[in-house]
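The values are calculated or read from the model by the stated rules, or taken from the named source; none is laboratory data. The structure displayed is predicted, hence computed values, not measured ones. Cβ: placed from backbone, ideal geometry, glycine included. Neighbour counts: every protein chain shown. Just so you know, the surface numbers come from the protein's heavy atoms only, side chains and all, with ligands and any DNA or RNA stripped out. Shrake-Rupley method; radii C 1.70, N 1.55, O 1.52, S 1.80 Å.
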Amino acid sequence: MQLHGTIPPHLGNLSFLVSLDISNNTFHGDFPEELAHLQRLKLINVTSNNFTGSIPSFLSFLPNLQYMYLSMNQFWGEIPSSLSNLTKLEVLRINKKILKGEIHWEIGDLRYFTVLDLQFNQLTGSIPTSIFNITTMRIIALSYNNLTGKLPATICDHLPNLEGLYLSGNSLDGVIPPNLEKCRKLQVLALSENEFIGTVPRELANLTALTILDVTTLHLEGEIPMELGNLKKLKRLSLSQNGFAGSIPASIFNVSTLQVLELHFNKLRRLELGHNSFTGPIPESLGNLQYLEHLNLEGNNFFGDSVLSFLASLTNCRNLRALCFSENPLNGVLPASIGNFSTSLQSFDVLNCKLKGLIPPEIGNLTRVIEMDLFNNELSGHIPNTVQGMLNLQEFYLQSNKIEGTIPDDICNLKNLGALYLSGNHFSGSVPSCLGNVTNLRYLNLDYNRLISSLPASLGSLQDLLEFNVSSNLLSGHIPLEFGNLKVAILIDLSKNDISGKIPSTLGGLDRLSKLSLAHNRLDRPIPDSLARCWHWIS
């Protein structure tokens, strides 16, 4: 009510007063000692005022007091030990940087306590274990003090009703007690910003009522327990700034209630989020996972900004080996920052993501990439000649885009290339004869483009080629006799071109072929006798 001034001593004459609530005003000064006359008082709430001085010890003379709210004032000093005389006290809230000293052991004598909130003060010493013996306790909130020591191994033996344990922002050490599993009604467990060591106890998975688990900024190690996926009511899981290693358990992503997952600044090496229903932008904070080696976001509904700025943040992950965000509607342009990925990157999969624009020339900086999949996007322009810098590239999938121009001879410098898929683009010009020098090629698919001229005889040197498809182009000339050297080929498709002349009889020696398609050309008849026995796989 925006009241101000001091509390008049005459208030102590209201001997039948049961509740005194003057919260959220601007009263100041001290409490008048006459308030000790309010022997029937059950509730006092002076939250959010400007009261000063020490916490009045005369409050301990109110035998029926059950609820005491003193937070957000200018009180100072220690908790009066005499408060332990308030045998009916159920709720005590005193926070906001006003208390010093230790929590007295005698506070554990208050057998009806349900809420103890002493957060954001300057309390020191250890937490009295007597607090953990109050069976009626629902909330223990001691976050952001200067408390030290260990949590007792038997912490939840006598807390069957505990719903919230808030201990963040102290200097508590030791391990997180597995005994916490006995607090079966626990909904919030906040232990962040302490000195805890060890692992996350697997027993926490038995806290089936848990909605918030916060263990950020500790010294925890080991793997994240897969059993946490049993917490079917979990809304927030905060594991950031620890030393966790290994992979993220897939079971966590079966928790349909999960709204917040914080994992940054760990030693996590693998994050698998594929084939869920995640939406929204891909968070740039993923770049804080400095030990990350494998990131899989495929098959969701993530989107990005026009320049996919999250990619720039991921370049901070200097150990990243595999990156997959295929089948997400990113609808953006590959940025130049793609060239800043470390030399550890080996796999880059972004198929079916509605990518637009040009392939940046910086792609050539990815010298250790083994597989690159850009299939089924809307990329345009040319293949940059810098692609020759990707000397370890073995698989290059670029089919179903809008790439134009000629197939650059620079690709022929990729001596480790085993699979080249350029189908369904707007390539023109001829099939580079230098591809015959890429002797590791197993799969060469150039169909559905605008390629012209004749097939180079040099392709006959690809003795390990399994599939060769140049269907639906504008090729002319003859089929080279050298194609008979493709002894391990299982598919050759030359259909829907303008190829003429005789069918080489040498093709009859390709014993492993399961498909030879020559349809819709201008080839001479009849089919050579050497191919007559193969009529079932010829079209």
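As a ratio to 2.2 N^0.38 Å, the alpha-carbon radius of gyration computed for the range 140-205 takes the value 1.02.
Taking all protein chains in place and a 1.4 Å probe, what share, in percent, of the accessible surface of the chain do carbon and sulfur account for? Walk me through the numbers on the way to the answer.
Values: 11470 of 23090 Å².
Carbon and sulfur: 50 percent of the exposed surface of the chain.
Its Cα centre serving as origin, the range 415-539 has a Cβ charge dipole (Lys and Arg +1, Asp and Glu -1) of approximately 60 debye. Cross-link pairs exceeding 20 Å between alpha carbons, from the set K356/K402; K415/K515; K185/K233; K97/K185; K42/K185; K150/K232: K415/K515; K97/K185; K42/K185; K150/K232. Would you work out which of L523, S168, I22 lies farthest towards the positive end of the dipole of the chain, given +1 charges on the beta-carbon of Lys and Arg and -1 on that of Asp and Glu, about the Cα centre? Working it through, the farthest residue towards the positive pole turns out to be L523. Computed from backbone phi, the HN-Hα couplings of the range 514-519 come to 10, 8, 10, 10, 10, 5 Hz, rounded to whole numbers (Karplus: 6.51 cos²θ - 1.76 cosθ + 1.60, θ = phi - 60°; Gly and Pro given as x). For q values of 0.08, 0.12, 0.14 Å⁻¹, compute log₁₀ I(q)/I(0) with the Debye formula on a Cα-only model of the range 1-154, without solvent. For the requested q values the scattering log ratios are -0.22, -0.49, -0.67. Each Lys or Arg adds one and each Asp or Glu subtracts one; over the other residues with Cβ under 15 Å from the Cβ of F265, this totals -2. Counting Cα-Cα pairs of the range 125-257 in 5 Å increments starting at 0 gives whole-percent bin shares of 2, 11, 21, 26, 22, 12, 5, 1, 0.
From the alpha carbon centroid of the range 29-102 to that of the range 149-177 is 26 Å. Solvent exposure of the chain amounts to 43 Å² per residue of accessible area, where only protein heavy atoms count and the probe is 1.4 Å. Toward the positive end of the charge dipole of the chain, with +1 on the Cβ of Lys and Arg and -1 on the Cβ of Asp and Glu, the farthest Cα among S313, A336, H158 is that of H158.
Could you grab the Rg to Rh ratio for the range 465-539? Cα atoms only, Kirkwood for Rh.
On the way: Rg = 11.1 Å, Rh = 12.2 Å.
My calculation of the ratio gives 0.91.
Once every DSSP H run of n ≥ 4 in the chain is given -39500 (n - 2.57) and the sum is divided by its residues, what mean residue ellipticity at 222 nm do you get, rounded to the nearest 500 deg cm²/dmol? Please report the intermediate quantities before stating the final value.
Details: 2 runs with 9 residues, N = 539.
Taken over the chain, the calculation gives -500 deg cm²/dmol.
Globularity index of the chain is 1.50 (Cα radius of gyration / 2.2 N^0.38 Å, N = number of residues).
Computed over the range 367-482, the P(r) curve from all C-alpha pair distances, binned at 10 Å from the origin, holds 15, 50, 32, 3 percent per bin. Charged side chains reduced to their Cβ positions (Lys and Arg at +1, Asp and Glu at -1) give the range 1-118 a dipole of some 220 debye around its Cα centre.
Under a model in which nothing but the beta-carbon of Lys, Arg (+1) and Asp, Glu (-1) is charged, the chain shows a dipole of about 700 debye around its Cα centre.
Here the 3J(HN,Hα) profile of the range 69-74, calculated from phi with Karplus coefficients 6.51, -1.76 and 1.60 at θ = phi - 60°, is 10, 10, 5, 6, 10, 10 Hz, Gly and Pro shown as x.
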